[in-house]
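All remarks here apply to the structure that follows.
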Amino acid sequence: MRKIVLSTVLATSLLFGGIATAASSNQYIATDSDTFWTISQKFNVKLSDLIATNPQVNQQNIYAGVVINLPVQASKKQNWEVKADAIIATGMKQLGTPYVFGGNTPNVAFDCSGFVQYAFNQNGFDLLHSAVLLSQLGTPVEKSNLRKGDLVFLQGTYTSGVSHVGIYLGNNKVLHAGTMGTREVKISTFFGTPYYDSHYWGARRLIN
């Protein structure tokens, strides 16, 4: 059984902060749900650097109140990036799920908009199952300003107008339920691929 003695200041911060807070600009107060991996993701640092900075911390015993020293380069992710990462993580769990037109069932079948609907709605959104309707949401984004989590659209792939949607991952990669090549949820290289270039419609940003 573990005994933890917290200072008055630390106890107050945990009681009223609701979630873990930074003890100082280069420290973080852990919660019971934290691991080195979750903390590395919160502050956008390498896991190996975080572990090396905290040789005094037992990796298997991180609990509420443990003070974690952050590497110098640590910077907490912006809110939009946390949301985008969560949506992408949900979508990545469906890699290999077969493409079926009209599909919207995880681990069974998805079409393009059914997949996007699922990934976003599992993370607090309320999107409809339609590439056309999705293309009317959010704000337009130029190619040069795309960031992870943005939606990219194709037109005229099987019908006129907007007909395909995927989730931009960054580094010219898109996560989508596609039919070119393998018919499944997959990651594809986007710009520079002739088929995608010739059918590109535009992009929209729903995550702010």
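The values are calculated or read from the model by the stated rules, or taken from the named source; none is laboratory data. Predicted model only: the values in this text are computed from it and were never measured. Cβ placement follows ideal geometry from the backbone for every residue including glycine, while neighbour counts extend to all protein chains displayed. Heavy atoms of the whole protein, side chains included, go into the accessibility calculation; ligands, DNA and RNA do not. Shrake-Rupley method; radii C 1.70, N 1.55, O 1.52, S 1.80 Å.
Using beta carbons and a limit of 7 Å, which pairs, at least six apart or on different chains, have the first residue in the range 152-171 and touching a residue at least 12 places away in the same chain (Cβ under 8 Å) and the second one among the acidic types (Asp, Glu) and crowded, with 21+ Cβ neighbours inside 10 Å? Close Cβ pairs (under 7 Å, with a partner that is among the acidic types (Asp, Glu) and crowded, with 21+ Cβ neighbours inside 10 Å) amount to 168/150.
Would you mention how many residues in the range 68-106 are farther than 30 Å from residue 54 by Cβ and either part of a helix (DSSP H, G or I) or under 19 Å from the mean Cα position of the chain (by Cα) (or both)? Reasoning before the result, please.
We begin by selecting, within the range 68-106, every residue farther than 30 Å from residue 54 by Cβ; these are 91, 94-106.
With the extra rule that they be either part of a helix (DSSP H, G or I) or under 19 Å from the mean Cα position of the chain (by Cα) (or both), the set shrinks to 91, 94-97, 106.
Within the range 68-106, residues that are farther than 30 Å from residue 54 by Cβ and either part of a helix (DSSP H, G or I) or under 19 Å from the mean Cα position of the chain (by Cα) (or both) number 6.
Across the range 8-66, the qualifying residues are those that are at pLDDT below 50, over 22 Å from the mean Cα position of the chain (by Cα) and surrounded by fewer than 14 Cβ atoms within 10 Å (Cβ to Cβ), and the one among them that is farthest from residue 89 (Cα to Cα) is 8.
The set of residues in the range 115-142 being closer than 14 Å to residue 186 by Cα and either out of contact with any helix residue (DSSP H, G or I) (no Cβ under 6 Å at 6 or more places or on another chain) or at pLDDT below 95 (or both) consists of 115, 116.
If a residue counts only when it is open to solvent by less than 50 Å² (accessible area, probe 1.4 Å), which strands (runs of 3 or more DSSP E) contained entirely in the range 110-208 have at least 3 such residues?
In the range 110-208, 151-155, 162-170, 173-178, 184-189, 200-205 are the strands (runs of 3 or more DSSP E) which contain 3 or more residues that are open to solvent by less than 50 Å² (accessible area, probe 1.4 Å).
Just give me the residues in the range 94-115 being without any contact (Cβ under 8 Å) to a residue 12 or more places away in the chain and of a type outside the set (A, V, I, L, M, F, W, C), in sequence order. Scanning the range 94-115 gives a single hit, 105. Taking every residue in the range 179-208 that is more than 22 Å from residue 121 (Cβ to Cβ) and of a type in the set (Ser, Thr, Tyr) and pairing it with any residue that is open to solvent by 60 Å² or more (accessible area, probe 1.4 Å) and part of a strand (DSSP E or B), at least 6 positions away or on another chain, the pairs with Cβ-Cβ distances below 8 Å are 188/173; 189/173; 200/155.
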